[in-house]
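For reference, the structure is listed below as structure tokens.
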Amino acid sequence: MSSLANPYEKFAYAYDRIMYNVDYPRWEAYINDLFLRDNHCPKKMLDLACGTGQLTMLLAKRGYEMWGVDRAEGMLKIARQKSEQSNLEIEFRQGDMRDFDLPQKFDTIVCTYDSINYMVNEQEFEVACRNVSNHLGMSGFFIFDVTTERNIVKHFHSQTFAENDQDYSYIWQNIYTYADKLCRTSLTFFIREGDLFRRFEEMHIQRIFEVNTIKKMLNKTGYELVSVYDMYTFSKPNRNTDRINFTARKVREL
Ligand SMILES: C[S@@+](CC[C@H](N)C(=O)[O-])C[C@H]1O[C@@H](n2cnc3c(N)ncnc32)[C@H](O)[C@@H]1O
């Protein structure tokens with residue numbers, strides 16, 4: 001028997017261990033470098049699709065007033081536990097980037113690590129951009145990254161990853177289709193419960209967006225493009241780019 005779980009609800013169990021090689025301090029430093037380059041001095045920030053709060057906590061330690069929103073309660077539960085253990089005051093809320101509704105406006109909203117790729121078509125992407133804009137003050141920054149088709153085709157398409165640990169195992173299979181630009185990831189987890197392991201399935205779907213589509217959408221939803229960089233650099237994306245970072249400034253109320 002296997003249970004179908006919503007994306008990241010069970011993945012949350014081992015997310016931080018599976019992502020052990022993600023350099024969050026580097027990511028946090030990069031975001032601060034972007035602020036310096038663009039003379040942006042935020043105080044209040046939202047980490048949208050914050051996951052288990054790895055980046056949110058680093059930003060809070062830097063001194064920003066942090067909020068975190070994610071769709072998966074399983075991820076938020078871990079984020080809350082970790083931030084409490086670190087005595088950090090972070091407001092974590094459950095929400096979907098297409099329709100979250102907070103009683104707050106922010107100076108900056110970040111959405112990192114391919115989370116925007118969970119918008120599976122242009123319409124969803126547009127709705128998310130509008131909703132982010134509704135939560136930004138005028139001149140607020142929206143910083144996000146997208147994974148590229150090259151990254152998916154080279155490192156994920158038709159590939160299976162697996163790991164077998166003491167308390168969990170997983171099998172991670174990916175298929176990308178050029179026609180609809182969708183990467184379908186099927187994740188099977190076996191998580192230890194007492195002497196037995198329970199099996200869970202998750203299906204993740206991510207969409208590849210072209211830079212020009214994103215530029216067009218940002219323009220349509222009231223932003224001015226500040227920069228488009230090959231991730232962690234201040235250079236234009238090139239044909240070897242695996243992830244692209246966008247910085248946009250809100251210039252118009254919708
Ligand atoms: C790859 S993880 C990245 C998490 C975190 N930003 C990090 O860097 O570790 C993608 C996250 O996006 C969240 N997510 C996916 N679709 C979402 C949506 N529509 N609204 C809000 N969060 C979403 C997932 O729950 C997951 O936590």
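Bear in mind that the values in this text are calculations on the coordinates, not laboratory data. All of these numbers come straight from a predicted model, not from anything done at the bench. Here the Cβ is made from the backbone with ideal geometry for all residues, glycine too, and neighbour counts use every protein chain on show.
Explain nothing, just the number: relative contact order of the chain, from Cα pairs under 8 Å at least 6 residues apart, as a whole percent.
18 percent
Filter Lys10/Lys82; Lys61/Lys250; Lys215/Lys236 down to the pairs with a C-alpha to C-alpha distance above 21 Å, please.
Going by Cα-Cα distance, Lys61/Lys250 fall outside the 21 Å limit.
Residue separation times 0.36 nm, minus the C-alpha to C-alpha distance between Asn238 and Tyr178: what's the value?
19.6 nm
Compare the peptides 57-70, 220-233 by average per-residue count of other Cβ atoms within 10 angstrom and give them in order, highest first.
57-70, 220-233
So what J values fall out for the stretch 79-86 if you push phi through Karplus, 6.51 cos²θ - 1.76 cosθ + 1.60 with θ = phi - 60°, rounded to Hz, Gly and Pro as x?
Values per residue, Gly and Pro as x: 4, 5, 4, 5, 6, 5, 4, 8 Hz.
Could you work out the mean projected area of the convex hull around the alpha carbons of the chain, in square nanometres to one decimal?
Computing the convex hull of the Cα atoms and averaging its projections yields 13.8 nm².
Given R₀ = 25 Å, FRET efficiency for Glu253-Tyr24 by Cβ-Cβ distance, to 0.05?
After rounding, the FRET efficiency stands at 0.15.
Taking the chain as the reference, fit the longest principal axis to its C-alpha atoms, fit the long axis of helix 211-220 to the helix C-alpha atoms, and give the angle between the two in degrees, 0 to 90, nearest 10.
Helix 211-220 and the main axis of the chain meet at about 60 degrees.
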